[in-house]
Amino acid sequence: MAAKRPKLKSSAPAAAAGRLDRMLGAHLAAGPGLVKAADRAAAVGAMGLQIFTGNPTGWARRAELPKELPAFRARMKEHGFGPLAVHAAYLANLAGPNPVFREKTVELLRHELRVAPEYGASFVNVHIGSHMGTGIEAGVARVAEAVERILDGVPLADDSALLVLENSAGGGNGIGESLDELIDIHECMAARGINMSRVAYCLDSAHLWGAGVEMKGDDEVDRLVEQFDKKIGLEKLVMIHYNDSKAAHGSKLDRHQHIGGGEVGTRGLAALIRHPRLAHVNYYLETPGMEEGWDKLNIERSLQLSEGTLKLKPLPAEEPKVKKVKEPPAKRVAVAKKQPTKKRR
Ligand SMILES: [Zn+2]
Ligand SMILES: [Zn+2]
């Protein structure tokens, strides 16, 4: 029965270090162990990592921190990795009207921000959420109010992580789907007197696509970058979730796909990872089947796009089968510059 697995002979090893002028990491499962996740990221050629600190679909967070945190932080350094991102649980909703869920959201994000320095994380990334039918304006005001409360509950320190708000694909009354909505949120937070040096943004390319934002090629991505810079400031864009999309443009659906295997296409994705004004941004893959071997393949495909190769090989029909990763070398050359974290806060 072993007949039909197209073994992906990856003769060109996906090693981002040296091939890319910016940080390209991957979201990997931390369940099997944090040090393991860091080693896997290095073995598949990533330069950084995004993780969950607990169950992504539950509210509960562990009372005790994992024992391996010191070893994890040391390993991240050994690999010369870029900034670690913690992705908050999906249940969080900064924009929703339900008071019970709002309390839980505030508590959850305070928790993530409090533990982030223990993980060595620079970013706590959260989906902005849904206004649940109460309208954009009310939703935007609630986001600003929630962010203020979250930050007020976590004293600022030298190693504090940034709270990073992520754009939405727009389905289910999700807000922050267009740049205009992100700008509204940004201005509303600033008007409230929130310390904006603690807040930043993440753009997910699959969400941009689902939301109907134009990003087909260089010109469209140029416009997006210019507009973001003019209204919010490019230094505020610290993360890109680098994903292709299975869903149609403007469908409002959030369906991540392998790089160059979806609807966004290689021109738009290449424009995003090659844009000269986005070299300071940290890119993280959130593509499917990470631990099944697709992680290495998607890193390689991203690198090819970054090098200007727009014609990628067709995706294999089945798992690329690099489940077993070799022990990575103990030390790697660091090319990813660490974010100048202190200044921005
Ligand atoms: Zn994302
Ligand atoms: Zn998504």
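Listed values, structure above:
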quantity	calculated
Some residue of the stretch 162-175 being buried (at least 20 other Cβ atoms within 10 Å of the Cβ), more than 16 Å from ligand 2 (Cβ to nearest atom) and either under 16 Å from A95 (Cα atoms) or under 21 Å from the mean Cα position of the chain (by Cα) (or both)	yes
Residues satisfying the stated conditions in the stretch 124-142, i.e. within 26 Å of L65 (Cβ to Cβ), among the hydrophobic types (A, V, I, L, M, F, W, C) and either within 16 Å of ligand 2 (Cβ to nearest atom) or in a loop (DSSP other than H, G, I, E, B) (or both)	V126
Where L272 falls short, out of the listed (1) surrounded by fewer than 21 Cβ atoms within 10 Å (Cβ to Cβ); (2) within 16 Å of ligand 2 (Cβ to nearest atom)	(1)
Residues that are more than 15 Å from ligand 1 (Cβ to nearest atom), in contact (Cβ under 8 Å) with a residue 60 or more places away in the chain and not β-branched (V, I, T), drawn from the stretch 253-294	G268, L278, A279, H280, E291, G293
When residues of the stretch 217-242 are limited to those that are assigned to a loop (DSSP other than H, G, I, E, B) and farther than 28 Å from M290 by Cα, the one nearest to ligand 2 (Cβ to nearest atom)	I232
Matching entry among P56, P83, P70 (being more than 19 Å from G153 (Cα to Cα) and modelled with pLDDT under 95)	P56
Enumeration of residues in the stretch 177-220 that are touching a strand residue (DSSP E or B) at 6+ places or on another chain (Cβ under 7 Å), within 19 Å of R142 (Cβ to Cβ) and within 16 Å of ligand 1 (Cβ to nearest atom)	L182, Y201
The stretch 110-123, subset in a helix (DSSP H, G or I) and not charged (D, E, K, R), residue surrounded by the fewest Cβ atoms within 10 Å (Cβ to Cβ)	P117
The one condition in (1) surrounded by fewer than 20 Cβ atoms within 10 Å (Cβ to Cβ); (2) charged (D, E, K, R); (3) more than 16 Å from ligand 2 (Cβ to nearest atom) that K252 fails to fulfil	(3)
Residue list for the stretch 159-178, filter: touching a helix residue (DSSP H, G or I) at 6+ places or on another chain (Cβ under 6 Å) and among the acidic types (D, E)	D159, E177
Filtered residue count, the stretch 187-211, keeping only those that are within 16 Å of ligand 2 (Cβ to nearest atom), assigned to a helix (DSSP H, G or I) and among the hydroxyl-bearing types (S, T, Y)	1
So V126, is it at pLDDT 95 or above and within 16 Å of ligand 1 (Cβ to nearest atom)	yes
Every residue from the stretch 85-109 that is of a type outside the set (A, V, I, L, M, F, W, C) and either in contact with a Lys or Arg (Cβ under 9 Å, 6 or more places away or on another chain) or surrounded by fewer than 20 Cβ atoms within 10 Å (Cβ to Cβ) (or both)	Y90, N93, G96, P97, N98, P99, R102, E103, K104, E107
Among the residues listed as E148, E214, the single one being away from ligand 2 (no atom under 16 Å from the Cβ) and outside any loop (DSSP other than H, G, I, E, B)	E148
Pairs, first at positive phi in the stretch 230-250, second more than 16 Å from ligand 1 (Cβ to nearest atom) and not charged (D, E, K, R), C-beta under 6 Å, six or more apart	G250/G212
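The values are calculated or read from the model by the stated rules, or taken from the named source; none is laboratory data. This one's a predicted model, so the numbers in the text were calculated from it and none came from an experiment. Note: ideal-geometry Cβ built from the backbone for every residue, glycine included; neighbour counts use all protein chains shown.
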